[in-house]
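Asks: Supplied in C-alpha cells, the structure appears directly below.
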Amino acid sequence: MLTVTNIQKYSIHDGPGIRTTVFFKGCPLRCTWCHNPETQAFEPEIMANLEKCTHCGKCMQVCPQKAVTVMADENVLDREKCTACGMCVDRCPAGARSLAGEEMPVQKIVRAAMKDELFYDESGGGVTLSGGEVLAQPGEDLLPLMRKLHGECVNLAIDTCGAVRWEKIEAAARFADIWLYDLKVMDPATHKTYIGMDNRLILDNLVKLRKLAPRARIFIRIPTVRGISGTDENMRETAHFLKENAIDPEEIDLLPYHRTGSGKYGRLGRTYEGGDLEAPSDEEMKHFQEIFREAGFTKVNIGG
Amino acid sequence: MEERGMNDRIRRLRRISTETPVHIDLERARIETEFYKENEGKFSVPVTRALFLKEYFSKKTLYLGDDELIVGEKGKDPQASPTFPELCCHTVEDMHIMTERKIVPYHVEPEDIEVQKEEIIPYWTGKSMREKILARMTPEWQKSYAAGMFTEFMEQRGPGHTCGGDRIWTRGYAEYKEDIEKALGELDYLNDMDALSKAEELKAMAIDCDAICILGQRYHDLALKKAAAETDPTRKAELLQIAVNCAVVPAHKPETYWQALQAYWFTHLAVTSELNPWDAFSPGRLDQHLIPFYEKDTEAGILDDERARELLECLWVKFNNQPAPVKVGVTLKESGTYTDFANINTGGIKPDGSNGVNAVSYLILDCMDEMKLVQPNSNVQISRRTPQKFLKRACAISRAGWGQPAFYNTDEIVEELLNAGKSLDDARCGGSSGCVETGCWGKEAYILTGYLNIPKIFQLALYDGYDTCTEQQLGPHTGNAEDFATMDDLWSAFVRQMKYFVDMKVQGNNVIEKLYATEMPAPFLSIVTDDCIKKGRDYNAGGARYNTRYIQGVGIGTVTDSVAAIKYHVYDKKDLTMTELLAAMKDNYVGHDDVFRMVHDHSPKYGNDDDYADAVMKDVFDLFRDTVTGRPTVNGGTYHIDMLPTTCHVYFGDVLLATSNGRLAHVPVSEGISPEKAADVSGPTAVIASCAKMDHASTGGTLLNQKFTPGVLAGDKGLDNLASLIRTYFAMDGHHIQFNVIDRQTLIEAQKHPDDYRDLIVRVAGYSDFFHNLDKPLQDEIINRTEQSFD
C-alpha cells in the first residue's frame, strides 16, 4: 500500500502539459516554509478546521478512541489516542474535518492517474509523482507503481527533494522521463537550520542522477524565500553548482514563497513556524532570474 | 467605462451604441396598426404581411448617423426596440413594468404609453398570436406552463432561429424577384391543388423584394442628400460611396467588400422587421462569405486590412445597436437579456471539407477582441484541420475574460447534421447559431420550441405526479416514492412523467406551429431560405429544405445528482430510507444535517469523471432524447433535442423545492450540460470527461461552461493548456465549450459595486452579458460556479 493525500487532475504547474499529480504522504525534510504540512508525517492524520466547527459534539460521540473533546468554545483532538480511523470525518455535519492520507493499492492509483490519458496525449503532459517525498514511500509498492505507469507509455515525472537513499533514485531513473528536483539552499548550515538536515545527500544525488541518466529531462525548482534561499549569493552558488557538475536543466523554476499553507498547521494541531518568512519582491525575483540567465541558463521561470 | 475601437470613428460609434439607453419605439406598431385597419381582409395572409413590410420600409424614419459606414437601423435610432403587436400586444401594465424594472429595462416615453392604450391595444386585442396561442392551450398545458414544467418560445416571438446561407452574398433582390416570378409562372393550376396558396406566398415574396429595394433606395437618396450638405470632403466622399453602395445593394449582388457587408445588413433588417424571430438573424460563416470580396478588393487596391477591419467594427456596432425585442413574463425569465443571439461563426471548414480559416477570420478575431461587445455573439469553429495558430489566437482573446469567443466543434456539428438526415454538402455548410443550436444555414428552419424542466419532472416522479412547489397535481399518478421497492420502480415512474410532459409540450407545439403556418407567415425570410421559392411554401409552413423542432433540456447536472443520490444511498448502500430523505427534502434539509451531508457530500456527482454518476447522466440523457427525437412535426419536420439553458435554469430552479442531491429550494438548477454548482471538485479535465460521455452527436447542440481564474491560464503555457483542453474535448466529440476567466473576488466586488464594474462582461450561458445587467440569483450563480483554480 502507498499513502496518498491527494490525486490532483489538471495539474499544470508540476511539469509540462496537462498532468495528474499524485501526492504521497511522508517526507524526510521539515522545511520551515512547507505549504503542505499534511504530507510531512508518514501516517494518516485528522485535519480539523475549527473555523467551521459548530461545536455540535458529533465527532466526540462517534470517536471510538475517545480522542475528541468538544466544549462550548473548544474542540480538542488527542493525537496520541487518535488512530485516524476517519469516523469523525464522515460524521461532521459542518465538513470541518478531513482525513489526510489514504492507503491505496498500486492498481487504484494507476487507474486514477490514467483517466486523463487523452489530455496528456494532446498537451504533452503526463503523470507526476510528488509529495511529501514520493521516493520515501516503501519500495516494494513504489517500484511496481512506476513500472506500471511506465508500461502505460505515459510521460512520468518524479517531483523529489532528493533527500533519499541513492538506490531509490537509481531505481526510479529506469522509469522516469522527467525529474522535478528541488534545490533549496546551498549553504549546508543554513540548510540544516531551516530544513532539518544538511544538503550533502541532495546535491550528491543530483550529480549522480545526471551521470546515470544523461537524457532524462531535469527541471530544477527553487522555493525562494527572502534572505534564506532568496539571496544573490544562494542563487549564484546554485548556478555555479549546476555549471560545475554539468547539470543543464531544461528549466529552472524560481517559486516565490507563499503563505497559503500556513492555515493547515493549526488543523494538524501544530504551530506554523514560518510567520516571519517573506516572499521576495517582484524586482528581486526578476533579479534572481537575471543571475541565472547571466550564468548561461536560458529557460528560467518565475513561478511553476 | 473603457473606450474601445480601432480609431476615433469606431470609438464614437461604439459609445453611442453602449451608452444610449434601450428604448421602446412604437413607429412600427403605429404604421402596422394603421395599415391593418385599412387593409385587413383585402388580401391573402402572406400578401398582407408583405404589403405591411413594404409600407413600413416606405414610411419608417431613417437613421444615418455621423461616422457611419454601414447604414440602417431596425427602429428610429440606435438601441430602439420596435414592438410587434401582431405577436404580443403589450398591456399598459407591461409597459410600466418594462420601463421601471431594474433588470433589462426598456424605456418607454409616457406619450407612447398613451399611443399604446389608444391606438395599438384597441386594434390588436384578441388578434395577437400570443392571445391566440394561449387561448388554444389546454387547461393541463396552462397549469404546467404556469408551474414551470416547460417554457414556450413562440408566445411572444416568431420562429426563426436561422442563419443566412451563401445566396445572400451572391444575389440581389431584383434577381430573387426574377426567380420568384419564374416560379409563379411555372405553377400548375390544373394538377397542383395547392397552386393558389403557393401563388399567394410567391406574390408575397415578390412584394418583399420590392420592400427591401425601397429601403435601399431611400438610404441612397438620404446619403446623397447628406453628401450635398456635407462640408468635410472626407465625409462627403464617404457619404457618396454609401449612396453608391445603396444603389447596388440590396437590389443587386454586392461587388465590393463594403457592399457585401451593407447587403447583409439590409437583409438582417428586413428579417428582423418582418417579425421578431428568435435569435434575430446571422451572417453565419462571415469570413468565408467575405473572403472573395476581400481578395478581389485588396488585389484591386481599393481595400486594405485597416479599412476591412474598420468596416467589420462598423457592422459589430450595428449588431449591438439592436436590443432583443422586449420580453415579459415567463419569456423574460427564460431569456433575461438585451442580447438577441445573432451569432457569427469564424473558422471551421469550407464546403469541400478543407480548412476554412482565411485572412478575414483573423480580422474578425481582431475585431471581436477590440470591440468587446455583447452583440454579436462571436464564436470560433474548430475542426481537426484548424491551424493551431488560429486556435491559440482565439484562446488568447477568450482568456481576457469576457466569455467570447465560444468554441464549437465543427466536425461534431457535421456529424450531428448527418445524423439528423442532412446531405454531406449541406452539413458542411451548416454551423451553430443562437446559443449552440445546429442547423444547415440558408436551408433549414430549426426552431427552438421551449425548455423542459427535467429536474422537476423527476421531482414529480417522487410524489405521484404532485408538484410540491405549486401544491397541485400536474403529472399522471405514478406512485409515491416511499412505495417503490426498487430503483427500477422509481425509474418507471420517471419515464412515464417524462413521456407525459413531452407529449403535452409537443401537442401544444403542434397547435402553435399550425397557427404560425396559417396566420403568421414570414415571406421575407422565405426568400432567403432554400427551398421556399421552389416549393412556393413559407418558412413558417415547412418551406425550408429541412425542418427541425428542438426541445431544450435543462438541468441535467441537477437531475443526475438527484437520481444518483437516491440510487446510491436508498437502493444500493441502503444507508438512508426514502422516508428519511423525503422528510429532509420537505424541510429544505433544515434540521437534517446528516441526510444533507450524505446526499450533498458523500454521493456520486456528475462532473468528476465518476462512472457511477456519469452512467446515471447517460440514462437520463437517453431517456430525454429517446422521448423527443424522431417525432414528426406539423409541417413535415422532425423533433430533436438541445441541451442549453440561456437563463432558464434560474427560473426552473425558482419553481423547484429542495432536490435529493442537496440542492436547496428555489436555487438555480445546473445550466447547459455543466455539472451542478460546486459539485465538480476534480478539475476541468474531469468535467470534460464526464460531459463527453453524453452522446453529443445525437443532439442539436450542447452547452458547457467552464470558469477559470486568470492565474490558471497565465503565460504561453496557460494558453497551450487551454488549447489542449479544447482539442481533447473535441476529440471526445464535445459540441461546445466556453470560458469565464474572472476571479471570484472580482465578481463579488462587482456585485457590491455595480457602478464600478459597468464594463465587466461575463459569459452567462450561450452568450455574454454585462454583469450588472444580471439579476442577483444569476450573479450569485456565476460567482458560485466552481472555479478551476490550482494555485
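Asks: Considering only B:Q507, B:L462, B:L474, whose Cα is most displaced toward the positive end of the charge dipole of the range B:428-514, charges sitting on Cβ of Lys, Arg (+1) and Asp, Glu (-1)?
Replies: B:Q507
Asks: May I have the convex hull volume per residue, in Å³, for the Cα set of chain B?
Replies: Considering the Cα atoms of chain B, their hull volume per residue is 154 Å³.
Asks: Using the charge dipole of the range A:28-108 (Lys, Arg: +1 at Cβ; Asp, Glu: -1 at Cβ; taken about the Cα centre), state which of A:L99, A:M60, A:T39 has its Cα farthest towards the positive end.
Replies: A:M60
Asks: Long-range amide H contacts for A:L255: which residues qualify at under 5 Å (H placed 1.01 Å from N, peptide plane, sequence gap of 5 or more or a different chain)?
Replies: So A:L255 has HN proximity to A:I222, A:T224, A:G303.
Asks: Neighbour counts of other C-beta atoms within 10 Å: give me B:W265, A:W179 arranged from fewest to most.
Replies: In order of increasing Cβ crowding within 10 Å: B:W265, A:W179.
Asks: I've got another one for you. For the range B:639-739, what is the relative contact order in percent, using Cα pairs closer than 8 Å and at least 6 residues apart in sequence?
Replies: Once divided by the residue count of the range B:639-739, the mean separation gives 28 percent.
Asks: Continuing with this model, one more query. Let me have the relative contact order for chain B, percent, based on Cα pairs under 8 Å that are six or more residues apart.
Replies: Relative contact order for chain B comes out at 14 percent.
Asks: A follow-up question, please. What area, in nm² and to one decimal, does the C-alpha convex hull of the range B:112-185 cast on average over all directions?
Replies: 9.7
Asks: Quick check: convex hull over the Cα atoms of the range A:160-237, volume per residue in Å³, rounded to an integer?
Replies: Hull volume normalised by residue count: 83 Å³.
Asks: Please list, in chain and number order, the residues 5+ apart from B:V741 or on another chain whose amide H is under 5 Å from its amide H, with Hs placed from the backbone.
Replies: B:G401, B:W402, B:G403, B:F708
Asks: Based on Cβ point charges of +1 for Lys and Arg and -1 for Asp and Glu, what charge dipole magnitude is obtained for the protein assembly as shown about its Cα centre, in debye rounded to the nearest 20?
Replies: Details: 124 positive and 165 negative charges, 251 e Å.
For this selection, approximately 1200 debye.
Asks: By its C-alpha gyration tensor, with a ≥ b ≥ c as the square roots of the eigenvalues, how is the range B:138-284 shaped: rounded for a/c under 1.5, else prolate for a/b larger than b/c, else oblate?
Replies: oblate
Asks: At 222 nm, what helix-only mean residue ellipticity would the protein assembly as shown give, in deg cm²/dmol to the nearest 500, using -39500 (n - 2.57) for each DSSP H run of four or more?
Replies: The helix-only estimate for the protein assembly as shown comes to -13500 deg cm²/dmol at 222 nm.
Asks: Using DSSP to call loops (not H, G, I, E or B), can you name the trypsin sites (Lys or Arg not before Pro) in the range B:354-389 whose Cβ has at most 12 other Cβ atoms within 10 angstrom?
Replies: On the way: sites: B:K372, B:R384, B:R385, B:K389; in loops: B:K372, B:R384, B:R385.
Passing both the DSSP loop test and the Cβ count: B:R384.
Asks: Arranged by the count of other C-beta atoms within 10 angstrom, fewest first, what order do B:T486, A:T21 take? Write out the running numbers ahead of the final one.
Replies: Values: B:T486 9, A:T21 24.
With the fewest neighbours first, B:T486, A:T21 line up as B:T486, A:T21.
Asks: Can you tell me what share of the DSSP beta bridges in the protein assembly as shown is antiparallel? A percent to the nearest 5 is fine.
Replies: Antiparallel bridges make up about 35 percent of those DSSP assigns within the protein assembly as shown.
Asks: Sticking with the crude label model, points 7 Å out along Cα→Cβ, report the distance from B:E40 to A:E140 in nm, one decimal please.
Replies: So the label points at B:E40 and A:E140 sit 9.2 nm apart.
Asks: Please compute the alpha carbon radius of gyration of the range B:24-126, then divide it by the globular-protein estimate 2.2 N^0.38 Å. Two decimals is fine.
Replies: 1.16
Asks: Work out how much length B:D622 to B:D575 would gain on full extension: take 0.36 nm times their residue separation and subtract the Cα-Cα distance, in nm to one decimal.
Replies: Details: separation 47, 0.36 × 47 = 16.92 nm, distance 2.84 nm.
Computed gain between B:D622 and B:D575 is 14.1 nm.
Asks: B:Y639's amide H: which non-local residues (gap 5+, or another chain) put their own amide H closer than 5 Å, with H modeled 1.01 Å from N in plane and none for Pro or chain starts?
Replies: Answer set, sorted by chain and number: B:R549, B:G630, B:R631, B:T633.
Asks: Right, next: How well do other chains shield peptide B:727-734, expressed as the mean number of their Cβ atoms within 10 Å of each residue Cβ? Display every interim value, and only then the final one.
Replies: Numbers: counts 5, 9, 3, 1, 4, 2, 0, 0.
If you average over the peptide's residues, the count of other-chain Cβ atoms is 3.
Asks: Once the Cα atoms of the range B:602-740 are picked out, what are the Rg and Dmax in Å?
Replies: Using the Cα atoms of the range B:602-740, the pair Rg, Dmax is 16.3, 53 Å.
Asks: Suppose we flag trypsin sites (Lys or Arg not before Pro) only when DSSP calls them loop and at most 15 other Cβ atoms lie within 10 Å. Which is the longest uninterrupted stretch of chain A?
Replies: Values: sites that count: A:R30, A:K52, A:K66, A:R79, A:K81, A:R165, A:R174, A:R215, A:R259, A:R270, A:K299.
The longest such stretch corresponds to A:82-164.
Asks: Mind checking the full-extension length gain between B:Q507 and B:T638? Use 0.36 nm per residue of separation minus the Cα-Cα distance, one decimal, nm.
Replies: 45.8 nm
Asks: Now for a different question. Rank the residues B:H289, A:H13 as a footprinting-exposure proxy: fewest other Cβ atoms within 10 Å of their Cβ go first.
Replies: A:H13, B:H289
Asks: Return the FRET efficiency for the residue pair A:H287, A:K192: r is the Cβ-Cβ distance, R0 is 30 Å, and the value is rounded to the nearest 0.05.
Replies: That pair, A:H287 with A:K192, gives E of 0.70.
Asks: How fast does the range B:460-511 diffuse by Stokes-Einstein, in µm²/s, taking the Kirkwood radius from C-alpha pairs at 10 °C and 1.306 mPa s?
Replies: Result for D is 139 µm²/s.
Asks: Putting +1 on Lys and Arg Cβ atoms and -1 on Asp and Glu Cβ atoms, find which of B:M585, B:G450, B:S354 reaches farthest to the positive end of the dipole of the protein assembly as shown.
Replies: Highest projection toward the positive end goes to B:S354.
None of the figures in this text is laboratory data; all of them are computed from the coordinates on show. Remember, it's a predicted structure, so these values are computed and weren't measured experimentally. We place every Cβ from the backbone using ideal geometry, glycine too, and count neighbours over all the protein chains shown.
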